[in-house]
Amino acid sequence: MGILFVTGTDTDVGKTIVTTLLASILAKHEHSCFPFKPIQSGAVKKEGGWVAPDPEIYRLVNNHDRFKDANLYLLKKACSPHLAAELEGVQFDFSWINRKLKELEEAYGTVIVEGAGGLFVPLTTEGYCVIDWMETLRVPAIVVAKAGVGTINHTVLTIEALNKRQIPIAGVILNSIHNEEEAIVADNREMIHKLTNVPIIGSVPYCEDIRETLANVEKRERCYGDWDFETIRRAMEIESTTIA
């Protein structure tokens, strides 16, 4: 049993892709898990109703009815959650979210929580940010970063912020949003590890059609072909002492 928190160095770095792949690799190693996106801003229309787009990606791996519980707050406007919530008159109840998180852990063994944007994305108009919530949970974070140029600075800053709050870090996963040069990606991996001493769990190769790739078992498994599962397994064994 355990909880992992997937955060990113920025918005649109591939947190949903990595969350989906984590669910897949855990299932391959016979670990029950539940991908969880409690707060989603940016709803999409589907069959006359509004749906959370990130759990729709999770369904490419396992289209299970239980994923109807993968989202608690769905906000229509695609913007920072604090603004979307203000526009819709919504107030997040983090005690309820945390109770639901604990219930899911007890029911499914492992929960993969996908955050919103990067660490300092505000969740409330008072300035309560993603990293503040992570600090209360104190569960291992998996940092998703772009694989290409510019990622060293963003990733090291993210890790330094997590370390300052004493939030445990499971490792880093680099996502190839573009078709990057292999030499650059390899050097980024090496330098991030050298500067932070945080494990590099692995990388996600560039895919022209990521939805088609995730829906195909063989292609999906190639996406995590170089991942260090032992690092992920050890992180799942770290229990939070702060979730009621």
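The values are calculated or read from the model by the stated rules, or taken from the named source; none is laboratory data. The shown structure was predicted, so the numbers you read here are calculated from the model rather than taken from an experiment. Cβ placement follows ideal geometry from the backbone for every residue including glycine, while neighbour counts extend to all protein chains displayed. Ligands, DNA and RNA are stripped out before the accessible areas are found, and what is left, the full protein with its side chains, is counted by its heavy atoms. Shrake-Rupley method; radii C 1.70, N 1.55, O 1.52, S 1.80 Å.
In the range 72-79 there is no residue matching the filter, namely being part of a helix (DSSP H, G or I) and either among the aromatic types (Phe, Trp, Tyr) or open to solvent by 20 Å² or more (accessible area, probe 1.4 Å) (or both).
For Thr16, state whether it is over 20 Å from Glu106 (Cβ atoms), touching an Asp or Glu at 6+ places or on another chain (Cβ under 9 Å), open to solvent by less than 60 Å² (accessible area, probe 1.4 Å) and in a strand (DSSP E or B). Judged against the criteria, Thr16 is not a match. Reported count of residues in the range 80-106, each being open to solvent by less than 70 Å² (accessible area, probe 1.4 Å), hydrophobic (A, V, I, L, M, F, W, C) and not in a loop (DSSP other than H, G, I, E, B), is 7.
Can you tell me which residues in the range 110-130 are on the phi < 0 side of the Ramachandran plot and in contact (Cβ under 8 Å) with a residue 60 or more places away in the chain?
We begin by selecting, within the range 110-130, every residue on the phi < 0 side of the Ramachandran plot; these are 110-116, 118-126, 128-130.
Residues satisfying the conditions are Thr110, Val111, Ile112, Val113, Glu114, Gly115, Ala116, Gly118, Leu119, Val121, Leu123, Val130.
Would it be correct to say that Lys45 is exposed (fewer than 15 other Cβ atoms within 10 Å of the Cβ), over 23 Å from Lys102 (Cβ atoms), modelled with pLDDT of 90 or more and of a type in the set (Lys, Arg)? No; evaluated as a whole, the condition is false for this residue. Out of Val185, Val139, Val172, Val144, one residue alone is assigned to a loop (DSSP other than H, G, I, E, B), closer than 25 Å to Thr20 by Cβ, open to solvent by less than 30 Å² (accessible area, probe 1.4 Å) and among the hydrophobic types (A, V, I, L, M, F, W, C). It is Val139. Taking the range 206-226 as the range and being open to solvent by 20 Å² or more (accessible area, probe 1.4 Å) and under 23 Å from Ile159 (Cβ atoms) as the test, only Asp226 passes. Within the range 194-222, residues that are more than 24 Å from Gly171 (Cα to Cα) reach partners that are among the aliphatic types (A, V, I, L, M) with beta carbons closer than 7 Å, at six or more positions or on different chains, in the pairs Arg211/Leu60; Ala215/Leu60.
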